[in-house]
Amino acid sequence: MTEVTVIGAGVSGLCVARSLKDRGASVTVVDRDAEPGLRSCSWWAGGMLAPYCEGTSADQLVVRLGLEAADWWAAHTKATCQRGSLVLSPTRDRAELAQFAGRTEGYVKVNGPQIAALEPDLADRFARGLYFEAEAHLAPRAALAQLRAGLVRDGTHFVQDEANPDDYARRGITVDCRGFQARDTQRDLRGVKGEMLVLSCPEVTLNRPVRMLHPRVPLYIVPRGDGVFMLGATMIESCSAAHISVRSVLELLSAAYALNPAFGEAEVLEVGVDCRPAYPDNLPRIRRDGNLISSNGLFRHGFLLAPAMARMVADLIYENIIPEVMDETPG
């Protein structure tokens, strides 16, 4: 039986552990925290499995690999909801909607009555939109908890430790999935600050993620159920993840109010700030140096790309198949 140590118990590490376990490996997961929580970038994710929408600004590699995500998550957790994505814009920003449509695929155009049928609480507020029926979303924290619980049930060992990947690699195959923490060895990693809010607004019901386009502040809002919503997210070239900026709070809340004025009475339950790991081109990479394999650079696409990255890591270990995102460049 192949023995593998996975360092990092965020979405990347847990997906790698699950894929290796499914191939028959004996897996140990090492993380600085006993449970997923506030220090994990995955904790603050939007959870949108929206490859077509992401393709408006991301490389087509992200779209292609991201198409694996919804089925993978549905097979391994009960946290996935496949009701599509809705993209809208205010009338004054209609050009933004046309540009978005021109950069993607997999959608149908919807008018005011069709938008109202999909989302009754947005009735009479938007005249045009794009509906991506094949896209999905999940509750990130529930997905992480269920994935971890399944691994424990299947015999995966979890160890709390401030791990040094080289130390573990001396003992056997090790996969470094530490995200931005791996900056100590992956020198070309950079941090992209993401800021988001969790709101309680029982007056509004949404069935699916909604993206509202704006030239300056694109918004996404993801329903979590029971009147709770994830509102995000900014992208700031910074590795500081201590505090959210006043400007970001104002812009996010203003965009939510424009989507539905009832959000003006929402309660702010949580304020989240994280540091997403990214390489210069915002594309993920797998690297190998002997027993040490690194899987990193998921940028804003953690839950979307982690299943495909995990598959490629498992193929590399078990079949020596070189991943298409393999990078021989030293970190």
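Readers should treat all values here as calculations from the given coordinates under stated rules, not as data from a laboratory. This is a predicted model, so every value here is computed, not measured. No Cβ is skipped: glycine too gets one built from the backbone with ideal geometry, and neighbour counts run over all protein chains shown.
Observations, loosely collected:
- One chain, two ends: T91 and I321. Fully extended at 0.36 nm per residue, the span grows by 77.9 nm beyond their Cα-Cα distance.
- Rounded to the nearest 20 debye, the dipole magnitude of the chain is 280 debye, with +1 charges on Lys and Arg beta carbons, -1 on Asp and Glu beta carbons, and the Cα centre as origin.
- Beta bridge orientation in the chain: antiparallel %, DSSP, nearest 5: 70
- Translational diffusion of region 142-195 was estimated from the Stokes-Einstein equation, with Rh taken as the Kirkwood radius over Cα pairs; at 20 °C and 1.002 mPa s the coefficient is 156 µm²/s.
- Taking a ≥ b ≥ c as the square roots of the eigenvalues of the Cα gyration tensor, an a/c ratio of 1.5 or more together with a/b larger than b/c marks region 164-222 as prolate.
- The label point for D121 and the one for D184, both projected 7 Å from the Cα toward the Cβ, are 4.4 nm apart.
- Of D274, D33, D167, the one that fluctuates the most in a GNM where the chain has Cα springs shorter than 10 Å: D167
- Calculated mean residue ellipticity, 222 nm, the chain: -8500 deg cm²/dmol, from DSSP H runs (n ≥ 4) at -39500 (n - 2.57) each, averaged per residue and rounded to 500.
- Cα-derived Rg to Rh of region 172-271, Kirkwood definition: 1.09
- Counting all C-alpha pairs of the chain, share separated by more than 30 Å (%): 33
- Sequence-distant residues sharing a close amide H with N207 (under 5 Å, placed H): none
- Note: region 227-331, Cα convex hull, 147 Å³ per residue.
- Convex hull projection area averaged over all views, region 3-59, Cα basis, nm²: 5.2
- Most positive-pole-ward Cα, L252, P277, F229, against dipole of region 224-286 from beta carbon charges: P277
- Positive-end residue of P120, L144, L189, charge dipole of region 115-198 with Cβ unit charges: L189
- Each of the peptides 174-187, 280-293 was scored by the mean count of other Cβ atoms within 10 Å over its residues; in descending order, highest first, they stand as 174-187, 280-293.
- Ordered from longest to shortest, the equivalent ellipsoid semi-axes for region 1-95 are 32, 16, 12 Å, each the square root of 5 times a Cα gyration tensor eigenvalue.
- Residues with amide H under 5 Å from that of T2, placed H, sequence gap 5 or more: S26
- In this structure the amide hydrogen of R128, modeled in the peptide plane, comes within under 5 Å of the amide hydrogens of S89, none closer than 5 places in sequence on its chain.
- Bins of 10 Å from zero: percent of alpha-carbon pairs in region 62-187: 10, 25, 26, 19, 14, 5, 0
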